[in-house]
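Worksheet: the structure to be examined is printed underneath.
The values are calculated or read from the model by the stated rules, or taken from the named source; none is laboratory data. Remember, it's a predicted structure, so these values are computed and weren't measured experimentally. Reconstructed Cβ throughout: ideal geometry from the backbone, glycine too, with neighbour counts over all protein chains shown. With ligands, DNA and RNA removed, areas are computed over all heavy atoms of the protein, side chains included. Shrake-Rupley method; radii C 1.70, N 1.55, O 1.52, S 1.80 Å.
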Amino acid sequence: MLILVTYDVSTATSEGRRRLRQVSKVCLAYGQRVQNSVFECIVDAAQFKLLKLKLLAVIDPDQDSLRFYQLGNSYKHKVEHIGIKSSLDLEGPLIL
């Protein structure tokens with residue numbers, strides 16, 4: 001299923017900037033960055049649960065926010081892209 005992960009991490013302190021880097025690193029392990037604080041992740045239910053647990057361990061819920069949008073398995077008909085930085089088909093073949 002496709003999950004869209006968005007986040008807003010307070011960067012007013014060095015600790016906040018560290019959290020921002022950690023959130024980005026966790027998300028990169030599960031998907032691709034499509035905008036600065038937005039990731040598309042193709043995961044199964046177990047991976048989604050683990051992704052959420054890892055992110056919850058990083059953020060400060062009093063200062064930061066996370067949003068998860070579950071687009072399901074039929075996501076290709078639900079996502080429309082216009083403009084630069086086209087999407088990578090995470091389920092397609094890798095051609096180097």
### Summary
When segment 61-72 is checked residue by residue, the ones that are open to solvent by 40 Å² or more (accessible area, probe 1.4 Å) and among the charged types (D, E, K, R) are D62, R67
### Query
Taking the stated definitions as given, is Y7 in a strand (DSSP E or B), open to solvent by less than 30 Å² (accessible area, probe 1.4 Å) and of a type outside the set (G, A, S)?
yes
### Query
Quick one: how many residues across segment 38-57 are touching a Leu at 6+ places or on another chain (Cβ under 9 Å), among the hydrophobic types (A, V, I, L, M, F, W, C) and part of a helix (DSSP H, G or I)?
2
### Task
Give just the number: which of (1) open to solvent by less than 30 Å² (accessible area, probe 1.4 Å); (2) under 26 Å from G83 (Cα atoms); (3) hydrophobic (A, V, I, L, M, F, W, C) does F48 not satisfy?
(2)
## Note on the structure
Of D89, D62, the only residue that is at pLDDT 95 or above and in a loop (DSSP other than H, G, I, E, B) is D62
